[in-house]
Amino acid sequence: MAAITDILRAMEYGPSPESDEHVRAWLAAHRDGFGHFVGGRFLAPGALFDVNNPATGERIAGVTQGTAADVDAAVAAARKALPKWSGLSGDARARHLYALARHVQKRERFLAVLETIDNGKPIRESRDIDIPLVARHFYHHAGWASLAASEFPGHRPVGVCGQIIPWNFPLLMLAWKIAPALAAGNTVVLKPAEFTPLTAFAFAEICVEAGLPPGVVNIVAGDGTTGAALVAHDDVDKIAFTGSTEVGRAIRRATAGTGKKLSLELGGKSPFIVFDDADLDSAVEGVVDAIWFNQGEVCCAGSRLIAAESIAEKLHAKLRARMTHLRVGDPLDKSTDVGAIVAPVQLERIKRLVDQGEREGAKVWRAPGALPERGCFYPPTLVAGVEPASLLAREEIFGPVLVTMTFRTPDEAIALANNTRYGLAASVWTENVNRALEIAARVKAGVVWINSTNLFDAASGFGGYRESGFGREGGREGLAEYLVADAPKGKTNAKPAASPALTALPGQAPAPDADAIDRTAKLYIGGKQARPDSGYCYAVLDRKGAAVGLAGLGNRKDIRNAVEAASKASGWGAATAHNRAQALYYVAENLEARAAEFAARLTAMTGGSERRARQEVEAAVRRAFYYAGFADKYDGAVHATKTRFVTLAMNEPWGVVGLVCPDEAPLLGFVSLVMPAIAMGNCVVAVPSAAHPLSATDFYTVLDASDVPAGVVNIVTGDSAALAKVLADHEGVDALWWVGSAEGAKAVEAASAANLKATWTRQAPLDWRREEGREYLRRATQVKNIWTPYGE
Ligand code: NDP
């Protein structure tokens, strides 16, 4: 027997296994396999695939592979259940959600053990983090069920939601998807990941036990083909997906033009920035939680350590020392820090990437210590000597592998942090609060943790910038993803204008009707009038086919120049909201002063009555005042998350927004899109109605007279569909709004899949008198949640 003094010296932990007895009994009871959960009951098992314990390799269950017919049955059950569920009072839905939360709590230990056996994550994490957060999510959203109607007036549930989740937090991702969907009055069909479907079936049992009405939650297991069938299903109104960026892109393409609402929570390569004044010991613990939590299989893992050069060596030495104490092994042992990688294929991927990085010259240091002989294990790993452009610095490894880089100045830290196609999360470590908040504001990420990392709460939104996807999960902003605004009451009698024949005329061609033409409208780029690169213009015709003017025929190069000008004007987003409001008031006043001129132009272009034209100008003036008023009032929030944290939800502008404007209200439509976008600090490239572009080109003289800085609004006339495609393809455009034909919407959404830009497509014609409100401001911003700790 070891002497007490030896034990104290070594401080070795003895084995402390969690019992898996109840889970084994449950699995034994399902030894014939799990069938899908549809319409409130479990279907007979069909063709099974194996589910294995990654820590041992042993087969633990057989689960039915979902077919297109299974998806069809589940969607039909969800559709059938929808009217009754969405018709329940908010309080009645809340009671159901509370019941689900309580049942999860009652089974907390069972679910934690099952999750650990299925996924390989340490029991300490499934027991203390995953499952408590699952219960918290249902409790939080029970509250939203009661409040949704009063807090989101004029909104209704989206309908039937298809939800596809990954294997890294199986039950937690299920809760993140199902709780808000149900709270808002939707019904769901959820596909769990092939590697980790078991807790979803345990949850289905909870739905039965808790008395959830049949069909409200349906679960169809299977692989990517099952997910693809759900995405493609005609009767699904929304897709919510968490997983890889590659599959997210495929889903964006598959849903293009279908009208399905979409939220994507995708990959990341999140920076963990340590300044020279940081508390290094805390930062080391932070790194442990950032990259060795859940074996690094975390979309928001802090996988790039960006440390101040002056403290980097010291920090790395402390880290290496800490890594030698991380215990890798049996996930069911309560003293295990790092469990098993989810599956052999993922282990192979990690090995392949690290080995390739090593061959490229990276210095790889793996924590010493023997790994278990069987099962999928990979040691905590620190990689130095990587260039920002190297494979390991760019690729999401999704394993316990940290790459390190150094910086000298805060600007360099930001440049490194933002040097990624992703933008999910970031951690900032410094004792200087001014610096922490400045970096938090400048880093492009949907979540920023100051002196902390990997914190989650149902009250806070979670989701990414750039190729980390769009949409948020959690909190008010997450609930909005499961609601749609009611269509404005009343019908529009507006008709879409006939597509003009954009016959290229040489810019200097004589006017077909010289009397009616006062000038050739130019493009407006970077605060200056610009001739179209093509050197051509087209005739703008009135209703009778007579030319009322000439407009520039913009092309790819003009859009490129406009995007460049818009990017350069990014100071607009950093200006105070008060200053932006003043500039917008000025725009409204200047437009009002020239109302008669604008009305005359509208009458000439559209052939409508003078009264109608005057009404359109008046409405445009009012709209400009409306968004000027909102410029400094569309506030963020402080979310009530954890004690000793202020979680700031900041509404940030996207950056450069492309706007493709409607034909049916050439001035009012244009103003209705431009004003909210710039009020929130975006710079825009607007493509006016191709049929009636001259109100928009007149508008630049209003902008010139109104102190709107050069580059904030850029106007490129021409073929709307062609220019929209260029905007959708452009990497420098962060968001794109399209109002027009359904085919145009489809093209825009499909093209935007390449860089996953957020799109907002609306089918014309719309009644522009009613198109106003917070939804425009919500669409003009993305929410960044900044977790700021206080206290010692
Ligand atoms: P995927 O994106 O492939 O899987 C996520 C979910 O989507 C799973 O349920 C999957 O089913 C399903 N799916 C796969 N293909 C399609 C499709 N064409 N249409 C609809 N649904 C589909 O991630 P993987 O599990 O394959 O992991 C691959 C890599 O992705 C990892 O190495 C990691 O880098 C990254 N990843 C990122 C996550 C994140 O949260 N950011 C989460 C998980 C992985 P099935 O399980 O059968 O494949």
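Just so it is clear, none of the values below were taken in a lab; they were calculated from the coordinates. What you see is a predicted model; the values in this text were computed from it and never measured. Every residue, glycine among them, receives a Cβ derived from its backbone with ideal geometry; neighbour counts consider all protein chains shown.
Note on the stretch 1-151: with charges restricted to the Cβ of Lys and Arg (+1) and Asp and Glu (-1), its dipole about the Cα centre is near 680 debye. How much of the calculated P(r) for the stretch 1-105 lies past 24 Å, in percent of all Cα pairs? Result for the distance tail: 56 percent.
Stretching residue 411 away from residue 743 to a fully extended chain increases their span by 115.2 nm, per 0.36 nm per residue minus the current alpha-carbon distance. Simple rule: put +1 on each Lys or Arg Cβ and -1 on each Asp or Glu Cβ in the chain, find the dipole, and look at 214, 447, 164; the Cα lying farthest toward the positive end is 214. What is the list of residues in the stretch 548-580 whose amide nitrogen lies under 19 Å from a point 7 angstrom out from the Cα of residue 729, following Cα to Cβ? Output list for this probe position: 553-565.
Name the shape class, rounded, prolate or oblate, that the alpha-carbon gyration tensor gives for the stretch 381-424, where a ≥ b ≥ c are the square roots of its eigenvalues, rounded holds for a/c under 1.5, and otherwise prolate holds if a/b is larger than b/c and oblate otherwise. Oblate.
Of the residues 482, 732, 345, the one whose Cα sits farthest toward the positive end of the charge dipole of the chain, with +1 on the Cβ of Lys and Arg and -1 on the Cβ of Asp and Glu, is 482.
Count Lys and Arg as plus one, Asp and Glu as minus one, and take only other residues whose Cβ is under 14 Å from that of residue 330; the net charge is then -2. Computed over the stretch 651-761, relative contact order equals 30 percent, with contacts defined as Cα pairs under 8 Å that lie 6+ residues apart. Working note: Debye formula, equal point scatterers on the alpha-carbon atoms of the stretch 646-769, no solvent; log10 I(q)/I(0) at q = 0.15, 0.20 Å⁻¹ is -0.64, -1.11.
Fully extending the segment from residue 324 to residue 567, taken as 0.36 nm per residue of separation minus the present Cα-Cα distance, adds 82.8 nm.
Taking a ≥ b ≥ c as the square roots of the eigenvalues of the Cα gyration tensor, the stretch 532-618 is classed as oblate, since a/c reaches at least 1.5 and a/b does not exceed b/c.
In angstrom, the C-alpha Rg and Dmax of the stretch 175-319 are 20.3, 61. Taking 7 Å steps out from each Cα toward its Cβ at residue 29 and residue 615 produces label points 6.7 nm apart.
Mean residue ellipticity, 222 nm, helices only, the chain: the sum of -39500 (n - 2.57) across DSSP H runs of n ≥ 4, divided by residue count and rounded to 500, is -12500 deg cm²/dmol.
Extension gain for residue 11 to residue 358 (0.36 nm times residue separation, less C-alpha to C-alpha distance): 121.5 nm.
Taking a point 7 angstrom from the Cα of residue 58 along the C-beta vector, which residues in the stretch 21-51 have backbone N less than 18 Å away? Output list for this probe position: 21-33, 50-51.
The angle between the Cα long axis of helix 68-87 and the main principal axis of the chain comes to about 70°, on a 0 to 90 degree scale. Each Lys and Arg contributes +1 and each Asp and Glu -1, all at the Cβ; summed about the Cα centre of the chain, the dipole is approximately 1260 debye.
Helix 556-568 axis versus longest C-alpha principal axis of the chain: approximately 70°, rounded to the nearest ten. Projecting the Cα positions of 375, 60, 87 onto the charge dipole of the chain (unit charges on Cβ atoms of Lys, Arg, Asp and Glu, taken about the Cα centre) puts 87 furthest along the positive direction. For residue 659, nonlocal amide neighbours, meaning residues 5 or more places apart or on other chains whose placed amide H falls under 5 Å from its own, are 685, 686, 687, 737.
A quarter of the convex hull surface defined by the alpha-carbon atoms of the stretch 62-117 gives 5.6 nm² as the mean projection. Note on residue 95 and residue 640: with the Förster distance fixed at 25 Å, the Cβ-Cβ geometry gives a FRET efficiency of about 0.65. Compared with the dominant Cα axis of the chain, that is its longest principal axis, helix 742-751 is turned about 50°.
The ellipsoid that matches the Cα gyration tensor of the stretch 604-709 has semi-axes, each √(5λ) in whole angstrom, of 34, 14, 12, with the longest given first. For the stretch 244-332, relative contact order (Cα pairs under 8 Å, six or more residues apart, normalised by length) works out to 30 percent. Beyond 22 Å in Cα-Cα separation lie the following of the pairs 260/757; 191/334; 177/725; 177/238: 191/334; 177/725. Of all segments of the chain bounded by chymotrypsin sites (Phe, Trp or Tyr not before Pro) found in a DSSP loop with no more than 13 other C-beta atoms within 10 Å, the longest spans 14-789. With both labels modelled 7 Å from their Cα along Cα-to-Cβ, the residue 486 to residue 128 distance reads 4.9 nm. Taking amide H positions as modeled 1.01 Å from N, with prolines and chain starts lacking one, the residues under 5 Å from residue 550 and 5 or more places away or on another chain are 519, 521, 540.
Divide the volume of the convex hull around the Cα atoms of the stretch 329-459 by the residue count and you get 159 Å³ per residue.
Using amide H atoms built in the peptide plane, which far-off residues or other-chain residues are under 5 Å from residue 307 H to H? Hits under the 5 Å cutoff: 274, 405, 406, 407.
The chain has equivalent-ellipsoid semi-axes of 50, 31, 22 Å, by the square roots of 5 times the alpha carbon gyration tensor eigenvalues, sorted largest first.
Phi angles of the stretch 7-12 translate, via the Karplus equation with coefficients 6.51, -1.76, 1.60 and θ = phi - 60°, into HN-Hα couplings of 4, 5, 5, 7, 6, 6 Hz per residue; Gly and Pro are given as x.
Rounded to two decimal places and with Rh computed the Kirkwood way over Cα pairs, what is Rg over Rh for the stretch 16-168? Result: Rg/Rh = 1.01. A simple count of charges around residue 302, restricted to other residues whose Cβ falls under 14 Å of its Cβ and scoring Lys, Arg +1 and Asp, Glu -1, yields -2. Determine the sum of side-chain charges near residue 64: Lys and Arg each +1, Asp and Glu each -1, restricted to other residues whose C-beta is under 13 angstrom from that of residue 64. Computed value for this residue: -4.
Remark: the stretch 266-407 carries a charge dipole of roughly 360 debye about the Cα centre, counting +1 on each Lys and Arg Cβ and -1 on each Asp and Glu Cβ. In a DSSP loop and with at most 12 other Cβ atoms within 10 Å, the GluC sites (Glu not before Pro) in the stretch 1-96 are 12, 58.
In sequence order, the stretch 434-440 has phi-based couplings of 5, 5, 4, 6, 5, 5, 4 Hz under the Karplus curve 6.51 cos²θ - 1.76 cosθ + 1.60, θ = phi - 60°, and Gly or Pro positions carry x.
What is the distance in Å between the Cα centres of the stretch 62-108 and the stretch 569-644? Comparing the Cα centres of the stretch 62-108 and the stretch 569-644, I get a distance of 43 Å. Rounded to whole numbers, the Karplus 3J(HN,Hα) couplings from phi for the stretch 146-156 are 5, 9, 4, 5, 7, 7, 10, x, x, 10, 9 Hz, using 6.51 cos²θ - 1.76 cosθ + 1.60 with θ = phi - 60°, and x at Gly and Pro. The simple spin-label model puts a point 7 Å past each Cα toward its Cβ; for residue 281 and residue 223 those points are separated by 5.1 nm. Dividing the mean sequence gap of close Cα pairs (under 8 Å, 6+ apart) by how many residues the stretch 237-286 holds gives a relative contact order of 41 percent.
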